[in-house]
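Each remark here refers to the structure printed beneath this line.
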Amino acid sequence: EGEYKNIISEKKGKVGLITLNRPKALNALSSALFHEVNDALFKFDADEGVGAIVITGSEKAFAAGADIKEMKDNVAIECYKNNFLGHWTDITKVKKPIIAAVNGFALGGGCELAMMCDIIYAGEKAVFGQPEIKLGTIPGAGGTQRLVKAVGKSKAMEICLTGSVNLNAEEAANLGLVSKVLPADQLVDEAIKTAEKIATMSQPMVQMVKEAINQSFELSLSSGLLYERRMFQNTFGTHDQREGMGAFVEKRKPTFQNK
Ligand code: CO8
């Protein structure tokens, strides 16, 4: 909202929209850009008027990766001491759902950024890949971890080991990496529509769903099911459960109060 140099952050009703905006570098994720993304995300997370967040780039590039020019002379011990790019994972601490609307290239850190979001929608020309190996390095923010869970081991190996097997939008949808493919010019509007729908739900329930689904990546099935059931049981202590079930029985629309 005025204060950023590498992104545009704006509110569309109850939706926070972040547009990566370094067109000359295909939205390469410089340290400055990523700090701005985190700052904007945490402002939306703290804003009671915002129910969900959309991150997008340009039609040509969601993001072409970490900024190669910025990191090419890095020294390992300094990377370790400063926890180089450790702040990227801050995104996963955001409680509100984040939808990545991916047009064009989502390569390297760009693909990893999309995978740190909760839902990915792809424009028809989207390209997902992990080309790090061609640069003499490896993925550093989930390309060897989240990608496996999204597309399976063989495909993830092929993508990360060759650096040049990329997924187009349709392949990414077939494999389950993205949930919807849309014409490029409708992508952001559709992502905002889904975010708006989420924003009309009871916000504590929205956050519980996000938390519980994310726990499925960390816990055994029996622990995950217990985690889910305990949260579910607790929803019966809320206004919004009374309102939601009451409205169903009375055949009217619920008015959630986020409590
Ligand atoms: N970093 C810096 N600059 C970039 C990057 C990048 N990742 N990608 C593109 N640019 C720049 C280009 O250098 C070029 O700048 P200039 O005009 O000054 O020469 C400008 O953007 C336009 O790019 P191209 O001319 O190359 O555009 P093309 O349409 O010809 O090609 C491509 C588009 C195919 C996307 C091409 O730019 C490309 O291959 N880019 C690099 C992709 C890549 O290798 N990404 C992986 C980077 S490594 C990484 O992401 C590691 C993540 C680790 C995260 C760890 C977190 C803890």
Counting only protein heavy atoms and using a 1.4 Å probe, what share of the accessible area of the chain belongs to carbon plus sulfur, as a whole percent? 56
Kindly provide the Kirkwood hydrodynamic radius of the range 1-143 in Å, to one decimal, from all pairs of distinct alpha carbon atoms. 15.2
Amide H proximity to VAL54 below 5 Å, modelled H, separation 5+ or other chain, gives GLY16, LEU17, ILE18, ILE99
Here the tail fraction of P(r) beyond 14 Å, over all Cα-Cα pairs of the range 213-259, rounds in percent to 59
Report, as a whole number in µm² per second, the diffusion coefficient that Stokes-Einstein gives for the chain at 37 °C and 0.692 mPa s using the Kirkwood radius over alpha carbon pairs. 170
With θ taken as phi - 60° and the coefficients 6.51, -1.76 and 1.60, list the Karplus ³J(HN,Hα) couplings across the range 52-68 in order, rounded to whole Hz; mark glycine and proline as x. 7, 10, 10, 10, 9, x, 10, 5, 7, 8, 5, 6, 8, x, 4, 7, 5
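List the GluC sites (Glu not before Pro) within the range 167-259 that fall in a DSSP loop (any state other than H, G, I, E or B) and whose Cβ has at most 15 other Cβ atoms within 10 Å. Don't skip to the end; give the middle numbers.
Values: sites: GLU170, GLU171, GLU190, GLU196, GLU211, GLU218, GLU228, GLU243, GLU250; in loops: GLU218, GLU250.
The qualifying sites are GLU218, GLU250.
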So if I take the alpha carbon set of the range 20-61, get Rg, then get Rh from the Kirkwood formula, what is the Rg over Rh ratio? 1.04
Those trypsin sites (Lys or Arg not before Pro) from the range 61-93 that are DSSP loop and have at most 14 other Cβ neighbours within 10 Å turn out to be LYS72
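Can you sort ILE119, ILE91 by 1.4 Å-probe accessible area, starting with the largest? All intermediate terms of the calculation are to be shown ahead of the outcome.
Details: ILE119 50, ILE91 0 Å².
Largest to smallest exposure gives the sequence ILE119, ILE91.
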How large is the convex hull of the C-alpha atoms of the range 128-168 per residue, in Å³? 56
Let's test this: bin the Cα-Cα distances of the range 67-138 at 10 Å from zero up to the farthest pair and state each bin's percent. 16, 42, 32, 9, 0
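Rounded to the nearest 5, what % of the DSSP beta bridges within the chain are antiparallel ones? Please list the in-between numbers first.
Numbers: 8 of 30 bridges.
Within the chain, antiparallel bridges account for around 25 percent of the total.
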Rounded to the nearest 10, the angle in degrees between the Cα long axis of helix 239-249 and the longest principal axis of the Cα atoms of the chain comes to 70
Which of the aspartates and glutamates could a cross-linker bridge to LYS24, judged by Cα under 19 Å and excluding same-chain residues fewer than eight apart? GLU36, GLU59, ASP67, GLU70
Mind listing the long-range amide H neighbours of ARG22? Cut-off is under 5 Å, sequence gap 5 or more, other chains count too, H placed in the peptide plane at 1.01 Å from N. ASN27
Cα-based reach from LYS93 at 18 Å (exclusive), listing lysines while leaving out same-chain residues under 8 positions away: LYS43, LYS210
For the range 20-31, Karplus-derived ³J(HN,Hα) couplings (6.51, -1.76, 1.60; θ = phi - 60°; whole Hz; x for glycine and proline) come out as 5, 9, 10, x, 5, 10, 6, 6, 3, 8, 5, 4
Set of lysines with alpha-carbon distance to LYS153 below 23 Å, sequence-local pairs under 8 removed: LYS134, LYS180
May I ask for the Rg/Rh ratio of the range 105-259, computed from Cα atoms with Rh as the Kirkwood radius, given to two decimals? 1.07
Principal-axis tilt of helix 153-162 within the chain, Cα atoms, nearest 10 degrees: 30
Measuring from the longest principal axis of the C-alpha atoms of the chain, the long axis of helix 221-234 (C-alpha) lies at a number of degrees, nearest 10, equal to 40
Of the listed pairs LYS125/LYS155; LYS149/LYS259; LYS60/LYS81, those with alpha carbons more than 27 Å apart are LYS149/LYS259; LYS60/LYS81
For LEU182, residues with placed amide H under 5 Å, excluding near neighbours: ALA122, GLY123, GLU124
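The values are calculated or read from the model by the stated rules, or taken from the named source; none is laboratory data. Bear in mind the structure is a predicted one, so any value in this text is a computation, not a measurement. Note that we place each Cβ from the backbone using ideal geometry, even for glycine, and neighbour counts take in every protein chain shown. For the accessible areas, the whole protein counts, side chains as well, though only heavy atoms, and no ligand, DNA or RNA atoms are used. Shrake-Rupley method; radii C 1.70, N 1.55, O 1.52, S 1.80 Å.
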